[in-house]
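Structure record follows, encoded as structure tokens.
Each value in this text was obtained by applying a stated rule to the coordinates, not by laboratory testing. These numbers were taken from a predicted model, which means no experiment stands behind them. Cβ coordinates were reconstructed from backbone atoms using ideal geometry, including for glycine residues, and neighbour counts include every protein chain displayed.
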């Protein structure tokens, strides 16, 4: 029987449900906005060296209508085309296969083009990864590990956190297209190593590029590797043909060679036992590690050590890294970077 009292009660219930629904949606929006792909708190490290995890600063450049060029290219792009959109630019379309949409265009509302961070040929930068020539199944497995929260960086705020978010948004077909494209590009060495104990002072710049101090100031290198662009301007323009310089400690390449080939008297395992005598990889589980960025390789070793890289193939690396010191990691990655890819 209808009554004013029951109407009030029914109205209150509806209002409460509506209020709860709105609150739930608001919470979901808040949670999505605050989503973090940093390492789980129990695994986050603060005792690892900073150099394998390059930091950047916001890009404060503005669109001024200027058209940019790079040596050897017939292309021309504005600042907005280079930096301010979802898609990426291609300075040398004649030098590689036609990029599939995930690499050059991305997907609206989901992820930016892979070529923005890894560059159009997959060569990447010290803060990302060199994808050229990697096995397709290996790359797909890494994306699956990130998507399923089996792979994170070891420190908060590392560039990999953005990649984890992308992996979660990347459809499998898009991931395969991108992987097959990068696999098809033969890696070419564009890294020059300089051994010594004194290096230029550097500072974080936009896009996590490390910029040499214009004053010419120097400092002791210590137990680290400093990797900078051969041309800061060209790297800032996403020119994949412009390489990098890695400053490594004096004697580190030879020490790393001994460690990689012998295992250092049981301190680790010889790299060739899995990655092949030439360090160019063996099957889908063991990628090529010759001639790659020492910064990027060191980052992987530290992530294996911390347990934040804990995907399907990580078990093979755990005994390799367990007893490596900071100096060992510097020496190993300096040696591997000195090889031809």
query: Under 11 Å from the 7 Å Cα→Cβ point of residue 61, by amide nitrogen: which residues of the range 179-217?
result: 206-207
Cα gyration tensor, the range 55-214 - rounded (a/c under 1.5), prolate or oblate: rounded
- prompt: If we count other beta carbons within 10 Å of each Cβ, what is the order of 51, 91, fewest first?
  reply: 51, 91
statement: Simple spin-label estimate for residue 277/residue 323, 7 Å along Cα→Cβ, in nm, reads 2.7
field: Estimated distance in nm for a label pair at residue 156 and residue 232, the labels positioned 7 Å out from Cα along Cα-to-Cβ
entry: 3.0
- request: Subtract the Cα-Cα distance of residue 180 and residue 81 from 0.36 nm times their separation in residues, and report this length gain in nm to one decimal.
  value: 33.1 nm
field: Proxy reagent accessibility, fewest Cβ within 10 Å first, across 262, 36
entry: 36, 262
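Okay, helix-only estimate at 222 nm for the chain: each DSSP H run of n ≥ 4 adds -39500 (n - 2.57), divide by all residues, round to 500 deg cm²/dmol; what do you get? Numbers along the way, then the final one.
On the way: 13 runs with 127 residues, N = 341.
Counting only the DSSP helices, I get -11000 deg cm²/dmol.
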- prompt: What distance in nm separates the simple spin-label points at residue 284 and residue 137, each placed 7 Å from Cα in the Cβ direction?
  reply: 0.3
Whether the range 250-341 is rounded, prolate or oblate, judged on the alpha carbon gyration tensor where a/c under 1.5 counts as rounded: rounded
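For residue 194 and residue 169, FRET efficiency with R0 = 56 Å and r from the beta-carbon atoms, rounded to 0.05?
On the way: r = 39 Å, r/R0 = 0.70.
So the FRET efficiency works out to roughly 0.90.
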- request: Would you kindly compute the Cα radius of gyration of the chain and its largest Cα-Cα separation (Dmax), both in Å?
  value: 23.5, 92
field: Centroid-to-centroid separation of the range 292-320 and the range 117-144 [C-alpha atoms, Å]
entry: 15
query: residue 46 to residue 144: extension gain in nm, 0.36 nm per residue of separation minus the Cα-Cα distance?
result: 32.6 nm
